[in-house]
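Just below is one structure, and these are the notes that go with it.
Nothing in this text is a laboratory measurement; each read-out follows from the coordinates by a stated rule. These numbers come from a predicted model, not from an experiment. Here Cβ is always computed from backbone atoms with ideal geometry, including for glycine, and neighbour counts include all displayed protein chains.
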Amino acid sequence: DAMVIQNPRYQVTQFGKPVTLSCSQTLNHNVMYWYQQKSSQAPKLLFHYYDKDFNNEADTPDNFQSRRPNTSFCFLDIRSPGLGDAAMYLCATSRVRDRGYEQYFGPGTRLTVT
Amino acid sequence: AQSVTQLDSQVPVFEEAPVELRCNYSSSVSVYLFWYVQYPNQGLQLLLKYLSGSTLVKGINGFEAEFNKSQTSFHLRKPSVHISDTAEYFCAVSFTDKLIFGTGTRLQVFP
């Protein structure tokens, strides 16, 4: 089945130690999104790629970076994680020709910062 | 500007009872509306969507929603809930290539 895959599902990192989360998709969608979701809150969009075009949300901290080397893969880099960055990180995809840009979500990576 | 309001942060209900989760939206352009469900430690799964056409939309797991343009609402309903429906439910409106989410409603089904 076509899907959005996130690895790892659980990630533990130390305060200040860089960490990379990965997302891959077999849907061949041209838009990929990264969200941060804290407990009992809605997902918060960090940035998204429209093909290779990177779109950063205005309030996304500089500590968060992203790479999309090809259509299938997208990475979230947290350069110096703080305790406040502990959250669920969700990757999603959509297809530009789909009306309304329905988004397909991966299972998420839960990040713990010690 | 687009926005979504989910007035109920929590909805407790007994098993086999009907439930309605409320969603109101604000949009200045064509409206595309979605309901997603999130089980603990999982991603979001699409329940149903309204893009155009019939205002009554049927989704997975026995859920349905009605698009009401005059009341700017898109309430989610299920006639008889099951324990397994316990989850967080998010209403969302599409804005260009992004989704604007409501704050979510926690549905808790009791035996």
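Observations on the structure shown:
- Qualifying trypsin sites (Lys or Arg not before Pro) for the stretch B:40-72 [loop in DSSP, other Cβ within 10 Å: at most 14]: B:K69
- Among B:S27, B:S84, B:S70, residue whose mean-square fluctuation peaks in a GNM of chain B (springs only between Cα atoms under 10 Å): B:S70
- Under the Karplus curve 6.51 cos²θ - 1.76 cosθ + 1.60, θ = phi - 60°, whole-Hz ³J(HN,Hα) for the stretch A:96-112, x wherever Gly or Pro sits: 4, 7, 7, 4, x, 6, 3, 9, 10, 9, x, x, x, 10, 8, 9, 10
- In order along the stretch B:39-53, phi translates into HN-Hα couplings of 8, x, 6, 10, x, 8, 10, 5, 8, 6, 8, 10, 10, 5, x Hz, rounded to whole numbers, per the Karplus curve 6.51 cos²θ - 1.76 cosθ + 1.60 with θ = phi - 60° and x for Gly and Pro.
- In plain terms, the residue of A:M88, A:M3 with the fewest other Cβ atoms within 10 Å comes first and the most crowded comes last, giving A:M3, A:M88.
- The stretch A:42-106 shape via C-alpha gyration tensor axes, a/c threshold 1.5: prolate
- For the stretch A:14-20, putting each phi into the Karplus relation 6.51 cos²θ - 1.76 cosθ + 1.60 with θ = phi - 60° gives couplings of 8, 3, x, 8, x, 9, 10 Hz, in residue order, rounded to whole numbers and with x for Gly and Pro.
- Per residue convex hull volume, Cα atoms of the stretch B:3-110, in Å³: 94
- For the stretch A:4-113, the equivalent ellipsoid built from the Cα gyration tensor has semi-axes of 23, 14, 13 Å, listed from largest to smallest.
- For the protein assembly as shown, the equivalent ellipsoid derived from the Cα gyration tensor has semi-axes of 30, 21, 15 Å, listed largest first.
- Of A:H48, B:H82, the sequence from fewest to most neighbouring Cβ atoms within 10 angstrom is B:H82, A:H48.
- Förster-model FRET efficiency, 41 Å R0, A:L83 and A:L27, C-beta, rounded to 0.05: 0.75
- 5 angstrom amide H check on B:F95, placed H, neighbours 5+ away: B:I100
- The ranking of B:F101, A:F75 by Cβ neighbour count inside 10 Å, starting from the fewest, reads A:F75, B:F101.
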